[in-house]
Amino acid sequence: MAKAWDDADPTETQEWLEAFASVLKEEGADRARFIVEQLLDAASKKGIELGKSLTTPYCNTIKPEAQPNYPGDLEIEKRIEAILRWNAVVMVLRAKKEAGGVGGHLSSYASIATMYEVGFNHFFHGAVKNSSGKNFAGDLIYFQGHSSEGNYARAFLEGRLSEKHLKNFRQEIGKPGLSSYPHPWLMPEFWQFATVSLGLGPLQAIYQARFLKYLENRKLLDTNDRRVWVFAGDGEMDEPESIAALSLAAREQLDNIIYVVNCNLQRLDGLVRSNSKITQELEGVFRGAGWNVIKVLWGSEWDSIFKKDKKGLLLKRLSECVDGDLQNAYVRGGAYTREFLFGENEELKKLVEHLSDDDIGHLSRGGHDAIKIYAAYAKAMENKNQPTAILCQGVKGFGLGKSGAEGRNIAHNQLEMTEDELKTFRERFNIPVTDKQIADLSFYHLDEKSEEAKYLHAQRKKLGGYLPARHVHSHPLKTPSLEVFDALLKGSGDRVMSTTMVLGRIFNTLLKDQNIGSRIVPIFSDEVRTFGLEALFRQVGIYSHVGQLYTPEDKEQLAYYRETLDGQILEEGITEAGCMASWIAAATSYATHQFPMVPFFTYYSMFGFQRVGDLIWAAADMRARGFLIGATAGRTTLEGEGLQHQDGSSLLAASHVPNCRS
C-alpha cells in the first residue's frame, strides 16, 4: 500500500491542483474556500482522518498585491522613528552612567518601535469630542511593559515630557522622573494600565474588550467604535494568563480587540523556541482558539524573491529552519545566510544570484517594515465577529549593531554602548546628531517648525490626541444614605444570619437604588448558589452577549439560571484570574471610560485571594475602585469541607496592599 505522502498518480494530482487554481482565478477566494471545505467535510463523513493543520505556510498572510496603499509619508515617519530610537537609547545610557546601575530595556523597544509608530501615526485613537459634540473616549492600548522608553521618547518629542523627565528615567523619588514601567500610581496622568507583570496585560485586555461590549449591551455607554490593542512579546505568551482567555474572546466574538505579538524570537536568556518555530506555534494556538491570525514575517525586500520561487522551494526551506537557525543566520550575516538558506541547490541559489552578500544580510523581517505592518493593522480593523492576532517577526535589539547585541542571546542584558557603536547606530538610521552630541549623550530636540514636528502633531490631532494618557474627570455617584441599611445595621437579634446572607441583602438594596443600581457589577467565579445569592439571577440576570438560546431546565424555579443580553451579573466560571480582570475593567472604568462603575468580586474563601495576588497589586497600581468580598472566608464551619476552608489569612494578605482597605 502506498504511504500517505507518496504520489501514486502525479498526473491526476496535477489535474486537481489546476482545477483548484482555475476556480480561484475565475470565481475568487470565497468560492475556492467553500469547495475545499466541502471536500474536507465529505472526507470527514467517510471517516478519513486528515489531521487538519492549524498553521499556514511560513510566509506573510497578506500577499503584496493585496496590500493597501500606505497613507503616510514613509520618509518623514522613518526620520521620526530614528529620533525616537536615539532618545530612547540616550535615556537608558545616561541613567546607567549618572545614577549608577540603573538599567533599561534597549533591545525590547528596538524590536517593537516600527509596530508602535505605525499605530501612533495611523490607528491609535485618542480621547476627543468630535464635531457632533459626542465624546469619544479613545482606544485602549496595553503597551508592552518592557518598552516604556519608546513611549517616553515619543511623549518628549510631543512636548508632553521635558528633558528633565528623561534625565530622571527610573529615578522618580523626590524629583520629576519616569517610572521604569507602565505605572499608573506613580504617573496617574500618563499610564492607564499596569502591564509589566508578564501575562497580566493580555488577560486584562480581553476582559476589558468584553467589558466594553457589556457596557454597550446594557445600554450604559456607546463603545462600538473603540478598539483594545495589546502589545506583548512572544516569550510573554508562555505565561498562562497570556492565553488563558483566548477562547473567551472568540466565544464572545470580540472583534474590538487586536493582539500584536512582537515575535523577536528571544526571551531574556535565549530563544523562545530554539528547536521549533514560535510564530507557527502561536498561530496554531490562536487559530485553534478561534482567532483570526495575520502573520507579518518578511519585509518588502523578500517579495520579489518569493515571486521568483515558482516551485515553493524557498518556502519549504524556510519552513525547515528552526528559530535557532534563523537567529544564527541573521547574526552571521549575508555570506553565511546565502550558503545556509539558499545553498541547498542551484534553483535556490538562482533566487538571490542578483543580490550581494550585503543585500542578503539586510533582508528585513516584517516586524520592521511599516508597509507590511500597516497592511496587517488595516486588515485586522476590517475583521468582524472575531478577535485578531497579528504575529510580527522581528529581531531583538534591531539596529543596535550586530557586533553588539543585535539578534544575540545577550540582547536583554545590554545596558551600554560605546561611542563607536553609537556612531554606527547613527549611520544605520541616519540620525541627525553630531559627534559631540554622541559624546555628550545629548537628547535630540525637534524644531517645532520642522517637517517632522508638524507631521508628528498633525497625525495625532487627526487621531484625536496623544497617547498614552489617563484622563480622570469627576463624575460622582450619589450613594444611598446609611438609613437605607437600618434593618441590617440593627443586627439579626436572636436569629442566626451568616455574613454572606447579609451581603445578599446589601446587594438587593444597592441594585434597587435609582441612582447607583445600574452601576453595580456583581462578579462571581461560579459559586453564586454556594453563597446563597442565586436570587440575583432573577433580579438582574447574568450577562450573555447572545442572550439565552436555550430553555433552562430549572425554568420553573424562582431563581432559575437566567442569561440575558442586558444582564448585570458577570458569572465568569471557574477562573479567579478572569474575575479579577473583569473587576479591574469595571473598577477603573471611571478613568478609562469616564463612567464610574462599582464592582463586587465575591470569591470563595482563601481560594480567591491567594490565586490573584499579582492582579490585586496591578489593580492597586491602576487606582482601582471597587470591592473584593471573601465569601465563606471567616472561621466558620463549612460542613465536611475541612480546615483548608477556615480562612484566617486572606485579610492579613490583603492588608499588605497599601491602598487596599481590609
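Things to note:
- Remark: for residue pairs Lys308/Lys379; Lys295/Lys396; Lys316/Lys350; Lys78/Lys454; Lys310/Lys349; Lys295/Lys372, the C-alpha separation exceeds 20 Å in Lys308/Lys379.
- Accessible surface for the chain, divided over its residues, is 47 Å² per residue with a 1.4 Å probe.
- Sorted largest first, the spans of the alpha carbon positions of segment 102-219 along the three principal axes are 48, 34, 31 Å.
- The chain - percent of accessible surface contributed by carbon and sulfur, probe 1.4 Å: 51 percent
- Taking the average, over residues, of other Cβ atoms within 10 Å as the packing measure, peptides 280-286, 431-437 rank 280-286, 431-437 from highest down.
- For segment 256-352: relative contact order, % (alpha-carbon pairs under 8 angstrom, 6 or more apart): 28 percent
- Taking only Cα atoms of segment 489-584, radius of gyration then Dmax in Å: 14.4, 46
- Residues Glu189, Glu416, ordered by accessible area of protein heavy atoms at a 1.4 angstrom probe radius and largest first, appear as Glu189, Glu416.
- Cα-based Rg / Dmax (Å) for segment 331-373: 11.5, 33
- Debye log10 I(q)/I(0) at q = 0.21, 0.22, 0.23 Å⁻¹ for segment 455-495, Cα point scatterers: -0.81, -0.83, -0.85
- Alpha-carbon Debye profile of segment 47-166, log10 I(q)/I(0) at 0.13 Å⁻¹: -0.72
- Potential extension, Arg611-Asn515 segment - 0.36 nm per residue separation minus Cα distance: 31.2 nm
- HN-Hα J in Hz across segment 212-219 - Karplus 6.51, -1.76, 1.60, θ = phi - 60°, x for Gly and Pro: 4, 5, 4, 5, 5, 5, 8, 6
- Lys/Arg +1, Asp/Glu -1 at C-beta; the chain dipole; positive extreme among Thr499, Leu391, Val484: Val484
- Charging the Cβ of each Asp and Glu at -1 and of each Lys and Arg at +1, and nothing else, the dipole of segment 1-123 about its Cα centre rounds to 960 debye.
- Mean projected area in nm² (Cα convex hull; one quarter of hull surface) for segment 159-266: 9.0 nm²
- Overall size of segment 206-275 from C-alpha positions, given as principal axis extents largest first: 49, 19, 15 Å.
- The chain, Cα convex hull volume normalised per residue, Å³: 214 Å³
- If only the Cβ of Lys and Arg carry +1 and only the Cβ of Asp and Glu carry -1, the dipole of the chain around its Cα centre is close to 1860 debye.
- Translational diffusion of segment 336-410, µm² s⁻¹ [Kirkwood Rh, Cα pairs; Stokes-Einstein; 4 °C; 1.567 mPa s]: 86 µm²/s
- Quotient of Cα Rg and 2.2 N^0.38 Å for segment 422-570, N being how many residues it contains: 1.97
- Principal-axis analysis of the Cα atoms of the chain puts helix 29-45 at an angle of about 70° to the longest axis.
- Degrees separating the helix 370-382 axis from the principal Cα axis of the chain, which is the longest one: 40 degrees
- Each of Trp617, Gly343, Ile371 was placed along the dipole of the chain (beta-carbon charges, centred on the mean Cα), and the one lying farthest toward the positive end is Trp617.
- Over the chain, Cα pairs under 8 Å with separation of 6+ residues give a relative contact order of 15 percent.
- Rh (Kirkwood; distinct C-alpha pairs) - segment 253-292, Å: 11.6 Å
- Projected area averaged over orientations for segment 225-345, convex hull of C-alpha atoms, nm²: 9.5 nm²
- Taking Cα centre as origin and charging only the Cβ of basic (Lys, Arg, +1) and acidic (Asp, Glu, -1) residues, the dipole magnitude of segment 520-569 rounds to 120 debye.
- As a calculated quantity, the FRET efficiency between Val472 and Ser655 at R0 = 25 Å, using C-beta atoms, amounts to about 0.40.
- Between helix 148-157 and the chain: long-axis angle, C-alpha atoms, 0 to 90°, nearest 10: 80 degrees
- Restricting the calculation to Cα atoms, every distinct pair contributes to the Kirkwood radius of segment 312-452, found to be 18.2 Å.
- The chain - mean residue ellipticity at 222 nm from DSSP helices (-39,500 (n - 2.57) per run, n ≥ 4, rounded to 500): -12000 deg cm²/dmol
- A dipole drawn for segment 13-67 from +1 and -1 charges on Cβ atoms has a positive end, and of Thr56, Ser22, Gln67 the residue lying farthest that way is Thr56.
- Tail beyond 14 Å, pair distance distribution of segment 176-224 (Cα, percent): 61 percent
- Under Karplus coefficients 6.51, -1.76 and 1.60, residue-wise ³J(HN,Hα) of segment 17-23 in Hz, glycine/proline x: 5, 5, 5, 4, 4, 5, 4
- Built amide H within the under 5 Å cut-off of Ile629, gap 5+: Phe601, Thr602, Tyr603
- Relative contact order %, segment 91-225, counting alpha carbon pairs below 8 Å whose residues are six or more apart: 18 percent
- Sum of side-chain charges, Ala389 neighbourhood, beta-carbon under 11 Å (Lys, Arg +1; Asp, Glu -1): +1
The values are calculated or read from the model by the stated rules, or taken from the named source; none is laboratory data. In this text the structure is predicted, and so the values were computed from the model without any measurement. As a convention, Cβ positions derive from the backbone with ideal geometry for all residues, glycine included, and neighbour counts pool all protein chains shown. When the accessible area is computed, the model is the full protein with side chains, heavy atoms only, and any ligands, DNA or RNA have been set aside. Shrake-Rupley method; radii C 1.70, N 1.55, O 1.52, S 1.80 Å.
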